Amino acid sequence: MNGVRPTSVILYACSALGIAFAVPAYAATPAEAIVAAVAARAEKSPADVEISGLTLPADIPADAAFEVTLPSYAIHTGSLAVKLSVGGASWSLRPQVGFWAQLPVAVGETKPGEALVLRIERRREAELHGAESIDPSLTWRATGTLHAGQVVTAGRAERVPDIEIGRDVTVVVRRGAIELRAPGRLLADGLYGAPVAVLNLATKAQQHGTLQADGTVLLGGG
């Protein structure tokens, strides 16, 4: 919400009611008080909280040290039941709340299977549509067509494997100071440090281990 001055809040819990309260440390407008309380509950910067559709009763002060009562459940984008209180009076409001975040977006149109080129933009979290974001420091490829500027979620991308299915690897078993090695072949795409299935070419048995950065698959606890 643009133009909102910083508002610090004091949070404390009321376990009997299952409700959290937020008290601005100094006078604020109703919108500022709500933003400050929501930001504290959601552990976000007030600059990343957006309040809209706030209809104020005629008798509510324009500026006061409001006590803000929020629901005890996690706050998400959408309608939010809020109660403002000051000087023995209270008002129940239901504004729309939204959040902003730094999210990865596709730089250009990307077809399924193509490597993703990402940039980070400040976007509304609603563009995630409830999905998880991805770690932009890793390498990803599209699982469906992505358009330039589209927010990339875990459902629209997959990790580019460090070693692809069918590649030869070395199967390693360690028991104390003893190490046994055998040729192997990946039965699935593999990511370093993640579990993977491998065919032991010496025994023709399918085994499971952890793919190492040196191209080996470590079986068991190592």
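What to note about this one:
- Residues that are farther than 16 Å from residue 114 by Cα, of a type in the set (Gly, Ala, Ser) and either in contact with a His (Cβ under 6 Å, 6 or more places away or on another chain) or not in a strand (DSSP E or B) (or both), drawn from segment 126-148: 126, 130, 131, 137
- Single match in 173, 217, 152 (criterion: over 32 Å from the mean Cα position of the chain (by Cα) and surrounded by 12 or more Cβ atoms within 10 Å (Cβ to Cβ)): 173
- Cβ-Cβ under 7 Å pairs, at least 6 apart or on other chains, segment 141-162 side in contact (Cβ under 8 Å) with a residue 12 or more places away in the chain and more than 26 Å from residue 215 (Cβ to Cβ), far side in a loop (DSSP other than H, G, I, E, B) and hydroxyl-bearing (Ser, Thr, Tyr): 156/143
- Subset of segment 54-88 (residues that are hydrophobic (A, V, I, L, M, F, W, C), assigned to a strand (DSSP E or B) and closer than 28 Å to residue 124 by Cα): 68, 70, 82, 84
- Pair list, Cβ < 8 Å and 6+ apart or interchain, from segment 197-222 residues that are not assigned by TED's automatic domain parsing to the domain that holds residue 175 and at pLDDT 95 or above to residues that are outside any strand (DSSP E or B) and of a type in the set (D, E, K, R): none
The values are calculated or read from the model by the stated rules, or taken from the named source; none is laboratory data. Since this is a predicted model, take the numbers as computed values, not measurements. Using ideal geometry, Cβ is built from the backbone for each residue, glycine included, and neighbour counts are taken over all protein chains shown.
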